[in-house]
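Comments concern the structure below.
Taken together, the values in this text are just the output of simple stated rules run on the coordinates, not laboratory data. Nothing here was measured: the structure is a model prediction, and the numbers come from that model. Every residue, glycine among them, receives a Cβ derived from its backbone with ideal geometry; neighbour counts consider all protein chains shown.
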Amino acid sequence: METYVGRGAGAHIEKELFLAKDYALICSPWITSEFAKRIIQMVERGVQVRVITSNSKAGDTEKTLKLLQDFVRPPRDYLGRIKKDWAPPPFDYKIIDEQFVHAKIYVADGKYAVTGSANLTESGLWRNAEHIIIMKKPEEVEMIERDYEHLWGFYKEKEIEDTSTNILKGLWKRIKYYTSDQNSNNQNKQDDEEKKARF
């Protein structure tokens with residue numbers, strides 16, 4: 001576990017988060033439209049993404065929320081019919097009534113997690129003095145993932161202004177097992193190499 005305090009917290013969040021290959025978990029009350037576009041780009045290249053955010057009006061939040069909402073809406077032809085080959089993107093989000101969300105959590109691929117005060121905005125990542133905690137150990141990252149899943153399930157319908165279709169329901173367990181298997185295989189290989197080196 002590492003900590004960072006001061007300006008430029010984005011150096012410990014932005015690169016790792018947006019280079020995720022398998023999945024990313026994001027909780028930020030405020031997300032600017034530039035970062036919303038980057039989330040969408042991440043999903044378009046096949047990364048499974050979940051986002052918890054707020055409906056609180058700050059900066060260009062309305063533009064951000066519209067981008068996220070439009071992204072999961074199926075495209076329609078001139079008669080209003082959904083195209084037959086359309087499939088929902090691997091993306092879920094919850095927009096929470098503003099008084100109910102204040103946590104900031106970022107997880108990438110089960111290998112990297114950050115919590116703290118920094119929102120997914122230019123100010124939060126680069127201009128404000130923020131405090132964040134950075135986790136890289138598998139057991140620490142898994143703990144943050146469990147917290148995120150608890151938060152995802154915490155909100156009741158009356159507290160949610162908007163939510164996607166929950167296309168990723170059940171997927172996180174499969175990803176988690178896959179990640180655990182990969183970590184276990186890597187550890188077994190390392191143990192084998194150490195044994196060979198001793199003999």
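Counting other C-beta atoms within 10 Å, which of W30, W152 has the fewest, and how do the rest follow?
Ranking W30, W152 by Cβ neighbours within 10 Å, fewest first, gives W152, W30.
Of the trypsin sites (Lys or Arg not before Pro) in region 1-108, which ones lie in a loop per DSSP and count no more than 11 other C-beta atoms within 10 Å?
R45, K57, R81, K83, K84
Can you compute the FRET efficiency between W126 and E149 using 1/(1 + (r/R0)^6), with r the Cβ-Cβ distance and R0 = 22 Å? Round to the nearest 0.05. Don't jump to the answer; show the numbers that get you there.
Details: r = 29 Å, r/R0 = 1.32.
Plugging the Cβ-Cβ distance into 1/(1 + (r/R0)^6) gives 0.15.
Taking region 1-84, how many lysine pairs are there with alpha carbons less than 22 Å apart, if each pair must be eight or more places apart or span two chains?
Numbers: K15/K37; K21/K37; K37/K57; K37/K63; K37/K66; K57/K66; K66/K83.
Lysine pairs, 8 or more places apart or on different chains, close enough: 7.
R0 = 30 Å: FRET efficiency of L19 with E62, Cβ-based, nearest 0.05? Write down the numbers at each step before the final one.
Details: r = 28 Å, r/R0 = 0.95.
That pair, L19 with E62, gives E of 0.60.
Among DSSP beta bridges lying fully in region 80-154, give the percent that are antiparallel, nearest 5.
Close to 100 percent.
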